[in-house]
Amino acid sequence: MSRNIKALAAPFLASALGLCADAALAELSPPMAAASSVLLPGLGQALSGDYGTAAAHFGIFAASLATAFHYEDKADFLKDDARYPDSDREFVNQTTLRADFAWRLATDTALYSSFAAYRDARERDNRGYRTPVPKESLSDLALSPFRWEYLSRPTTFVPLAIAAVASFGSKGGYGIYRYDDVSKSDLYVYNFTANEFTAAGEEGFFRGFLNNELSSRWGNGWGLASSSALFGIAHTGQGNTANAWQAALAGAYLGWVHQRNEFQIGEGVAIHYWWNVIAGIAAIRNGGSAPLVSLRLSFN
């Protein structure tokens with residue numbers, strides 16, 4: 001999903017620069033605030049007069065985007081055909097890992113900025129909504145994966161236990177193979193860190209914004225179905241989580257938990273984070289050293 005930003009960034013920047021001064025002071029509806037900030041992080045906040053938050057969101061997004069482009073321009077960056085030789089293997093070097101980290105931070109900043117703009121707009125004017133206002137701050141979401149309040153709930157630990165058994169109960173499966181300049185510790189640090197951004201960003205956008213907004217408009221059932229389908233579509237492509245059907249089912253469960261929790265996303269962030277971390281640990285364990293794999297394959 002992060003690669004789509006590259007194609008979309010330029011026209012969105014041009015559109016943003018073309019906005020007149022009067023529009024910056026206009027009162028945006030919650031969906032328009034969310035849409036503005038997912039297209040250009042911080043734009044929804046700027047149009048609502050929150051220039052400090054707008055600058056922070058856009059600054060992180062722009063710096064991450066520039067970093068991603070910088071590493072993608074390096075000669076040793078692995079293009080998709082070299083990085084994903086088949087559906088069960090992924091190869092990474094240090095340059096590719098750094099580019100991927102930057103892309104994820106850029107993408108997840110956009111998703112979180114959208115949720116935050118929606119949350120703040122709902123707090124300003126909640127007229128016409130049947131669903132509760134989202135309340136969690138970024139610090140709330142960052143701490144959610146480690147809160148006993150969530151980890152002690154059967155709705156959290158049961159699906160995590162199932163994921164752990166499925167990931168570690170059998171040999172084989174998706175593997176990440178590292179070049180000499182990437183250590184196993186590097187992959188573990190990436191796994192535990194980058195998934196913080198992903199859990200907060202994706203839960204904020206797909207549940208905190210879309211599931212809330214669509215459930216208010218169409219009812220909980222259709223809102224859940226629609227937001228889950230969009231979550232599945234967003235997970236097409238390549239990589240460890242690129243399975244649209246599995247993502248849609250996971251999105252349905254996370255959306256149900258979201259609705260069950262009065263449309264607050266903290267528990268969903270905890271589940272999402274640990275699901276991704278478990279999958280990442282399994283992929284690291286299933287992989288190994290890229291040069292050794294190439295040597296073994298050459299004798300087959």
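The values are calculated or read from the model by the stated rules, or taken from the named source; none is laboratory data. These numbers come from a predicted model, not from an experiment. Ideal geometry is used to build each Cβ from the backbone, glycine not excepted, and the neighbour counts take in all protein chains shown. What goes into the accessible areas is simple: the full protein's heavy atoms, side chains included, and nothing from ligands, DNA or RNA. Shrake-Rupley method; radii C 1.70, N 1.55, O 1.52, S 1.80 Å.
Points to keep in mind about this one:
- Here residue 189 sits with roughly 90 square angstrom of accessible surface, probe radius 1.4 Å.
- Added length on full extension, which subtracts the Cα-Cα distance from 0.36 nm per residue, residue 229 to residue 124: 34.9 nm
- Summed residue charge, Cβ within 12 Å of residue 37's Cβ, Lys/Arg positive, Asp/Glu negative: -1
- For residue 274, neighbours were defined as the other residues whose beta-carbon sits under 13 Å from its Cβ, and their charges (Lys and Arg +1, Asp and Glu -1) total -1.
- Bridging of residue 74 to aspartates and glutamates at a Cα separation below 16 Å is possible for 100, 181, once same-chain residues fewer than 8 apart are set aside.
- Normalised per residue, the accessible area of the chain is 47 Å², obtained with a 1.4 Å probe and no contribution from ligands, DNA or RNA.
- Each Lys and Arg adds +1 at its Cβ and each Asp and Glu adds -1 at its Cβ; summed about the Cα centre, the chain shows a dipole of about 580 debye.
- Expected 222 nm ellipticity per residue - DSSP helices of 4 or more, -39500 (n - 2.57), all of the chain, to 500: -21500 deg cm²/dmol
- Taken one residue at a time, the phi angles of region 246-261 give Karplus couplings (6.51, -1.76, 1.60, θ = phi - 60°) of 4, 5, 5, 5, 4, x, 5, 5, 5, x, 5, 4, 4, 5, 5, 9 Hz. Gly and Pro are set to x.
- Multiplying each eigenvalue of the alpha-carbon gyration tensor of region 212-254 by 5 and taking the square root yields semi-axes of 22, 8, 6 Å, largest first, rounded to whole angstroms.
- Note on the chain: Rg/Rh from Cα positions, Kirkwood definition for Rh, rounded to two decimals, is 0.99.
- Annotation: aspartates and glutamates with alpha-carbon distance below 16 angstrom to residue 184 (same-chain offsets under eight excluded): 90.
- Shape call, region 111-239: gyration tensor on alpha carbons, a/c limit 1.5: prolate
- Whole-percent P(r), region 117-186, all Cα pairs, 5 Å bins from 0: 3, 11, 11, 10, 13, 15, 13, 9, 7, 5, 2, 0.
- With all protein chains in place and a 1.4 Å probe, the accessible surface of the chain carries 62 percent carbon and sulfur.
- Peptide packing for 37-44, 216-223 was compared via the average number of neighbouring C-beta atoms within 10 Å per residue; ordered from the highest value, the list is 37-44, 216-223.
- Contact order normalised by residue count of the chain, Cα under 8 Å, 6+ apart, percent: 21
- For region 37-76, the relative contact order is 30 percent, taking Cα pairs closer than 8 Å that sit 6 or more residues apart in sequence and dividing their mean separation by the residue count.
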